[in-house]
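Trainee: Mind having a look at this structure? Questions to follow.
Each reported figure results from applying straightforward, stated rules to the coordinates on display, with no laboratory input. Just so it is clear, the structure is predicted and the values come from calculations on it, not from any experiment. Here Cβ is always computed from backbone atoms with ideal geometry, including for glycine, and neighbour counts include all displayed protein chains.
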């Protein structure tokens, strides 16, 4: 058995990277800043954000499609990443503004006064004037970049350690992850938690130090950044799932107990993947929110994470490109339909307004996909390639059909 | 609330009665009244609070006409014509104040007694009322005295003839004691009254104690002998910071202000000359050190007066003693009041505990109702139904629709309960047959598929009923609250929900233990394969249990809709708590669900009671608790035993 | 078996294993497996979604911690070992097929192959012959006997023919305690055994 290079063994990776590159070049050439202007800046932003969502979906696929943990709390990491970078964006920008306005004072401000003024500018809206402890590093981009991956990573590590250690799995684990994101959202909603309550962080689209750069240009830069990070993380994820490590985590997904009897520390593997995915998701969030401009605790609502799962499921889980396709297609369709741009459907006697009916269609199509196309959109590629293997998971155990699941049989 | 105009505001009923009385009276002259009025016209026109008391008493003593006169006077309905005739205007009719005859065409100048005088008049009126032969009027007088008491009331109460009605007598005695505590001049009487009522938790008693225990803060160099000291404060301890102490010294004029950074900056800015302050260039003033240097230079030059240094401030703080002093001078009274307050607080605490328990119980019943359906389906089919919340919503909307068709509240509720059950039962059966059955043994995918159903249903509800909240009105007999005392009360609707939860617990137990269906359900739960080979159709059982679980969700929806607004997000708000209940309680066992609901209900209320203003924090801690709880009991409080437990 | 491999915690008693008689009770399943106790389940439990080669590679004796696994790359030696193992259990031709596509007996062999790859010092085998054809049984017997040459093998089985073919020491258990021990002929003649298992 001659070993081929990694890329050649995974041709899909090459295809994905090529498509991504071509897409980025095309958007750049059609953007207002660098090309014909056929794509308005707002659309460039939407596309950039979509790439970030695709990245989050790739991470979700690692956790769900490969490791088998249906995490309904991924968006907590996404938003945390956004909050961490948002702290610096907001602080640094407010500092510039406040420093400019204070420059007119007869006496130059002390660093302490400057910080006080920034704090009251940022937190006046929640009736506070002091800089919370959690903002101690907000002045430093480096520190916040570290926190951006460290905080969600640590949260995932602690949460995962607690949950996996006590062998919580299946729907229990899903509910628990949902509880985690809900708790975090509720905490952030409080005014005194130090993140401006339900106002969230805003004005994130203005990048300190780049004030002179027009948004049209900035949006393309962010698109490049998003595409690059997506490509890198995709490579990382593909590498992760290709070798023996990938073998082991898929084995954990299919039969955790058996893997344990092979001598693998299942909890360790779960922790590594869960934490890594949380970090990737956080990076995605940190790239997303400067393009969105605002972040608030509603972004952490459990429903957001479920939508992420929906995208991955529709795209096809257990396949990295499936997750990407799902996220891109469904989120773009959603924003098109709910944005009011889709033409109404005139039926005899009733006019279907997509703003009202899109959710219904999405919900039902989701049910249909789960029922009839468990492989999702990515299944089409299999079908085209003629590689339709019989589905062997959820295997029956002979006459006691439906009685005992595989794991029980080992009991 | 002892100010007389407030009393006036509270007395419309009384005044109205008096006004009616006045207009209904035959137009016969009251000579005594006429005489008094004629003799004191000047006083009536420009009454003085200090001297008018005897006059009011005289007028009140002349009988009903006098009382009517006083009431009009206090109410600013009394006018004086240029020829000295006193007239009472009531609406559009004007009558002579003394004879009661209707007068037309007169243009009286209305008298406007000040609030002090009006208070005196009110007291006199109430004192008159307390002796009234009519029981309702005596009760009304007691009410008004309780609402706004004054020292005059105490006198009036003591002078009044003995009360014959036992209930009223008790109320009067209580009121008299309360008034004694507040207004009596005799300390012994006050202490006796306080001790008599000690341990009472009534709001009125506590309100009567509060002014006695009010304190103010004083500063002195030695302990003041003539003051009733509540406690001495040590700066830097007992929530009494040194800064606070220094602020007091400043406000007393004993100490100078310390130099605040802002004051320093402003002073420096005022002495800015040619880009430098006292020789220190402006650029160097961006640090505290630079500023201090510049300020000291200014001080040295004598341009600014020296500010208090920290050492001086410390000396000043230590040189003084700080006391909280009772406004009430008599220490025996305050001691008694304090003891009574402590006793009241202890009892209050216990009662708050009871009240909290009731609250928790009602919350637990709501969670129980919301979660029971979920627990059934999860226990029997290992399926988490994300659309469960939407079934709750569906039940609530069903009740709303029924209500729009049947105006009678009780009737519509009686129809709505089974209707909601049937609608959601059918919806559940439909969902089971169309979706869940095909996803058997794939619990995570079922979870997601039902989530798809959930978002579709939610949007559908929005499209049909709109986004605004729909009211679901409870029948009259469910409104209001059962009040045991000032502390313990529970709304009737919550009692009803508790009863409903009990009913469903009983019903569920009956179905599971006494019916064929229950037997089959239990068999399928324990071992579906074996059950199937015994001739039980697991598909039918799954369908029935799913329908049953959904039906109960519908009923929970009606119950929740009665106290919450019916919106398309109604179910979503309860679904997470329901999940928590099931997870914490343990699946496949009704007692587990009950325990889970109880635990979550009690815990949320207890956490909430620590910080009632911040329910968000309470919920956050609640969820954190659950996450940690799962660490120790991964299978819930009452775990399922045997092979079926191995999910 | 459940107690030895760490799946069930005993109410009382001790499990000691290895040269230093280490207690296994404080270890979890994975640690016990790493200590050298292999287990073959009654039903074939191979990872059906992955190829035979992947299954065997996963079982190869190597560092089991996440990061070493992440950086583990196949070497010519490991490839050779996988091929060897596949040949040993008679699956040389199926090496690139998905395990799910194999027949029942082949899955059993694959699982035995995985156990071989694990190089355990003690092998616990639960009813290996269940559901096998006669020819498959014979091959299984040969496999087990070969395994027993280099390590301790404990087989739980109630198919007497199969046990006879294995030709080894037999222990009869009833409700957790030993009824009889010795050669197959010896135990089948034991009165108590007959009473308990065949009834009077």
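Trainee: Counting partner chain Cβ atoms within 10 Å of every residue's Cβ in B:527-540, what's the average?
Mentor: Counting Cβ atoms of other protein chains within 10 Å of each residue's Cβ and averaging gives 2.
Trainee: Based only on other Cβ atoms within 10 Å, what is the fewest-to-most ordering of A:102, B:580?
Mentor: Going from least to most buried by this count: A:102, B:580.
Trainee: Which of rounded, prolate, oblate describes the stretch A:6-301, given a ≥ b ≥ c as roots of the alpha-carbon gyration tensor eigenvalues and a/c under 1.5 marking rounded, otherwise prolate only if a/b is larger than b/c?
Mentor: Cα axes put the stretch A:6-301 in the oblate bin.
Trainee: Under 1.5 on a/c is rounded, so check that first for the stretch A:208-359, then, if it is not, pick prolate when a/b is larger than b/c and oblate when it is not; a ≥ b ≥ c are the square roots of the alpha carbon gyration tensor eigenvalues.
Mentor: Oblate shape, in that a/c is at least 1.5 and b/c is the bigger or equal ratio.
Trainee: Turning to a different aspect of this structure: Residues of the stretch B:231-262 with the amide nitrogen closer than 17 Å to a label point 7 Å from the Cα of residue B:216, along Cα-to-Cβ, please.
Mentor: Of the residues in the stretch B:231-262, B:231, B:248-254 have backbone N under 17 Å from the label point off residue B:216.
Trainee: Relative to the longest principal axis of chain A, what angle (0 to 90°, nearest 10) does the C-alpha long axis of helix A:41-61 take?
Mentor: 40
Trainee: How would chain B be classified by its alpha-carbon gyration tensor: rounded, prolate or oblate, with rounded meaning a/c under 1.5 and the a/b versus b/c comparison settling the rest?
Mentor: oblate
Trainee: Would you calculate, for the protein assembly as shown, the mean residue ellipticity at 222 nm contributed by helices, counting each DSSP H stretch of 4 or more residues as -39,500 (n - 2.57) and dividing by all residues, to the nearest 500?
Mentor: Numbers: 52 runs with 766 residues, N = 1258.
Rounded to the nearest 500, it is -20000 deg cm²/dmol.
Trainee: Same structure, new question: Taking the Cβ-Cβ separation of residue A:384 and residue A:26 as r and a Förster radius of 25 Å, what is the calculated FRET efficiency to the nearest 0.05?
Mentor: Values: r = 24 Å, r/R0 = 0.95.
Calculated transfer efficiency: 0.55.
Trainee: Shifting gears a bit: To test your reading of the geometry: what angle, between 0 and 90 degrees and rounded to tens, separates the Cα axis of helix B:203-213 from the longest principal axis of chain B?
Mentor: Roughly 50 degrees, rounded to the nearest 10.
Trainee: Mind pulling the angle between the C-alpha long axis of helix B:331-381 and the longest principal axis of chain B? Nearest 10 degrees, somewhere in 0 to 90.
Mentor: That helix lies at roughly 20 degrees to the long axis.
Trainee: Determine, for C:141, B:99, the number of other Cβ atoms within 10 Å of each Cβ, and report the residues in order from fewest to most.
Mentor: Ranked by crowding around the Cβ, least crowded first: B:99, C:141.
Trainee: Rank these for me by crowding, C:26, C:61, going from fewest to most other beta carbons within 10 Å.
Mentor: If I rank by nearby Cβ atoms, fewest first, I get C:26, C:61.
Trainee: Still on this structure: If each residue of separation counts as 0.36 nm, what is the full-extension length gain between residue C:196 and residue C:84 once their alpha-carbon separation is subtracted?
Mentor: Answer, rounded to one decimal: 35.9 nm.
Trainee: Quick one: compute the contact order of chain A, relative version, from alpha carbon pairs under 8 angstrom and 6+ residues apart, as a percent.
Mentor: This gives 28 percent for chain A.
Trainee: Would you look at the GNM of chain A, springs on alpha carbons closer than 10 Å, and say which of A:107, A:249, A:380 moves the most?
Mentor: Maximum fluctuation in the GNM of chain A, among the listed residues, is at A:107.
Trainee: Of A:211, A:95, A:256, which has the largest mean-square fluctuation in a 10 Å C-alpha GNM of chain A?
Mentor: Judging by the Gaussian network model, the answer is A:211.
Trainee: Residue B:250 to residue A:143: FRET efficiency via 1/(1 + (r/R0)^6), r the Cβ-Cβ distance, R0 41 Å, to the nearest 0.05?
Mentor: After rounding, the FRET efficiency stands at 0.50.
Trainee: Something else now. Suppose the Debye formula is applied to equal point scatterers at every Cα of the protein assembly as shown; what is log10 I(q)/I(0) at q = 0.05, 0.07 Å⁻¹?
Mentor: Here the Debye-derived log intensity ratios amount to -0.58, -0.96.
Trainee: So if I take the centroid of the Cα atoms in the stretch A:248-295 and the same for the stretch B:466-483, what is the distance between those two points in Å?
Mentor: Each part reduced to its Cα centre gives a spacing of 47 Å.
Trainee: Over all residues in B:463-472, what is the mean tally of Cβ atoms on other chains that come within 10 Å of each residue's Cβ?
Mentor: Averaged over the peptide's residues, the number is 1.
Trainee: Tell me, how many Å apart are the Cα centres for the stretch A:101-159 and for the stretch B:339-377?
Mentor: One Cα centre to the other: 41 Å.
Trainee: Given the peptides B:245-254, C:125-134, arrange them by the average over their residues of other C-beta atoms within 10 Å, most packed first. Intermediate results must be reported in sequence, preceding the final value.
Mentor: Details: B:245-254: 15.9, C:125-134: 17.4.
With the highest mean Cβ count within 10 Å placed first, the list reads C:125-134, B:245-254.
Trainee: Right, something else. Considering every residue in A:165-171, what mean count of other chain Cβ atoms within 10 Å of its Cβ is obtained?
Mentor: Other-chain Cβ atoms within 10 Å of each residue's Cβ, averaged: 5.
Trainee: Given the options C:103, C:176, C:38, state which has the largest fluctuation in a GNM of chain C using a 10 Å cut-off (strictly under) for Cα springs.
Mentor: C:176
Trainee: Based on alpha-carbon centroids, what's the gap between the stretch A:190-239 and the stretch C:124-200 in Å, whole number please?
Mentor: Between the Cα centres of the stretch A:190-239 and the stretch C:124-200 lies a distance of 67 Å.
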